[in-house]
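Colleague: Sharing a structure, written as C-alpha cells. Questions coming.
The values are calculated or read from the model by the stated rules, or taken from the named source; none is laboratory data. Keep in mind that this is a model prediction, so the values were computed, not measured. Cβ placement follows ideal geometry from the backbone for every residue including glycine, while neighbour counts extend to all protein chains displayed.
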Amino acid sequence: MSVQDQTAATTTVDATEAPAEVTHGVLLTDVAASKVKSLLEQEGRDDLRLRVGVQPGGCSGLIYQLYFDERTLDGDLVRDFDGVEVVVDRMSSPYLEGATIDFADTIEKQGFTIDNPNAGSSCACGDSFS
C-alpha cells in the first residue's frame, strides 16, 4: 500500500466537535420532575437547578442534600430531565450512582424520596445511610 493509500484510509477527526458532556447517574422520575417544575413556578424562578449531594453526618455516616441552587460549580455533573437540571458534585457522584429521586404525595408520606442502590444500611429515621 502506498503512502497516498494509507493517508486516504486514515479517518479524520473534526477538531471542532464539542467533547461529550459528562453526566451523572442520578435519575429523576417524571412525578419528581413535575413537582420540581411546580415549585420553581411558585418561586417565579427559571434560573434554579436541583442540586443533589451527600455529606458526612447522621447516624449512619452520610446524609443527603437536596436543594435548589442557582450556581454551577467547577466539577459539577449536570443532567437534564425534561427541562429540570439535576446537578451532582463529583465527590457525591459515586455515592449516588443509580439513585432514583421520586416524589410521594400520600397520607403516609409527602416529599422527595431517594432510592439509592449504593446504601448498604440506613438509620431508623431514614435520613442517613452508609
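Colleague: Name the residues in the range 94-116 that are closer than 14 Å to HIS24 by Cβ and part of a loop (DSSP other than H, G, I, E, B), would you? Break it down into steps so the answer makes sense when it comes.
Modeller: In the first step, residues of the range 94-116 are kept if they are closer than 14 Å to HIS24 by Cβ; the result is 94-101, 114, 116.
Once the filter is applied, which keeps residues that are closer than 14 Å to HIS24 by Cβ and part of a loop (DSSP other than H, G, I, E, B), the range 94-116 yields GLU97, GLY98, ALA99, ASN116.
To keep it simple, each residue is scored yes or no on (1) modelled with pLDDT under 90; (2) over 14 Å from THR23 (Cα atoms).
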position: VAL54; (1), (2): no, yes
position: GLY57; (1), (2): yes, yes
position: PHE68; (1), (2): no, yes
position: ASP80; (1), (2): no, no
position: VAL87; (1), (2): no, no
position: SER92; (1), (2): no, no
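Colleague: Would you be able to tell me the number of residues in the range 61-93 that are loosely packed, with under 12 Cβ neighbours inside 10 Å and more than 20 Å from LEU39 (Cα to Cα)? So that I can check it myself, show each step before the final result.
Modeller: In the first step, residues of the range 61-93 are kept if they are loosely packed, with under 12 Cβ neighbours inside 10 Å; the result is 67, 70-71, 73-75, 82-83, 91.
Now drop any that are not more than 20 Å from LEU39 (Cα to Cα), which leaves 73-75, 91.
Of the residues in the range 61-93, 4 are loosely packed, with under 12 Cβ neighbours inside 10 Å and more than 20 Å from LEU39 (Cα to Cα).
Colleague: I would also like to ask the following. Using beta carbons and a limit of 8 Å, which pairs, at least six apart or on different chains, have the first residue in the range 86-108 and of a type in the set (A, V, I, L, M, F, W, C) and the second one part of a helix (DSSP H, G or I)?
Modeller: Pairs that qualify, where the first residue is of a type in the set (A, V, I, L, M, F, W, C) and the partner is part of a helix (DSSP H, G or I), are VAL88/LEU96; ILE101/ALA32; PHE103/VAL31; PHE103/ALA32; PHE103/SER34; PHE103/LYS35.
Colleague: Any residue that is assigned to a loop (DSSP other than H, G, I, E, B), in contact with a Cys (Cβ under 9 Å, 6 or more places away or on another chain) and within 24 Å of PRO117 (Cα to Cα) - is there at least one of those in the range 41-58?
Modeller: Initially, the range 41-58 is screened for residues assigned to a loop (DSSP other than H, G, I, E, B), giving 44-48, 58.
Among the residues that remain, those that are also in contact with a Cys (Cβ under 9 Å, 6 or more places away or on another chain) are: 58.
Right, trim to within 24 Å of PRO117 (Cα to Cα) and you get 58.
Yes: one or more hits.
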